[in-house]
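Chemist: This structure is in structure tokens; I'll ask about it shortly.
The values are calculated or read from the model by the stated rules, or taken from the named source; none is laboratory data. In this text, all values refer to a predicted model and were calculated from it rather than measured experimentally. For neighbour counting, all protein chains shown are included, and Cβ atoms are generated from backbone atoms with ideal geometry for every residue, glycine included. Quick note on the areas: whole protein, heavy atoms, side chains included, nothing else; ligands and nucleic acids left out. Shrake-Rupley method; radii C 1.70, N 1.55, O 1.52, S 1.80 Å.
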Amino acid sequence: MTISERLATLSEEVRMTFHPDFIFLVHPDLVQHFPARQWQKEQFLEALASRLGPDYTLDVWEEKVIAISENKEIIAILPKYPSLHAFESE
């Protein structure tokens, strides 16, 4: 299953909870979220490295930046950023 296909299977209840003050972690069988209120880019980078490991890729899905772990098991969704440019330019 591709990353897009995995994310497309998220329920409407989960999608409705997307909020810029949180990071969402999508595991194969679980979705978690944790607060990221008023975080700066460096804090997001630290959290991504801590949870996904040092090797992850950034992409965009439905106007949200996503980070994909090297083994593609965990996907982080960052609703605060609608594009890679918005993330990189902060």
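Chemist: Length gain on complete extension for the stretch Asp29 to Glu42, per 0.36 nm per residue less the alpha carbon to alpha carbon distance?
Modeler: Difference between extended and current length: 1.8 nm.
Chemist: With a 1.4 Å probe and every protein chain left in place, work out the accessible area per residue of the chain in Å², rounded to a whole number. Let's see the in-between values first.
Modeler: On the way: 5440 Å² over 90 residues.
Per-residue value: 60 Å².
Chemist: Quick one: with all protein chains in place, what share of the accessible area of the stretch 1-70 is carbon or sulfur, to the nearest percent (1.4 Å probe)?
Modeler: 50 percent
Chemist: Taking θ = phi - 60°, what integer Hz values does the Karplus form 6.51 cos²θ - 1.76 cosθ + 1.60 yield along the stretch 11-25, in sequence order, with x for Gly and Pro?
Modeler: 3J(HN,Hα) across the stretch 11-25, in whole Hz: 5, 4, 4, 5, 4, 5, 8, 4, 8, x, 7, 9, 10, 10, 10.
Chemist: List, in order, the whole-Hz ³J(HN,Hα) value for each residue of the stretch 36-45 obtained from phi through the Karplus relation with A = 6.51, B = -1.76, C = 1.60 and θ = phi - 60°; use x for Gly and Pro.
Modeler: 9, 5, 6, 6, 9, 3, 4, 5, 5, 4
Chemist: Same structure again: Calculated FRET efficiency, Met16 and Asp55, Cβ-Cβ r, R0 30 Å, to nearest 0.05?
Modeler: In this case the efficiency is close to 0.45.
Chemist: Based on Cα coordinates alone, diagonalise the gyration tensor for the stretch 7-90, multiply each eigenvalue by 5, take square roots, and list the semi-axes in whole Å, largest first.
Modeler: 18, 15, 12
Chemist: What does the charge count near Leu48 come to, summing +1 for each Lys or Arg and -1 for each Asp or Glu among other residues with Cβ under 15 Å from its Cβ?
Modeler: Taking every Cβ under 15 Å from that of Leu48, the sum is -3.
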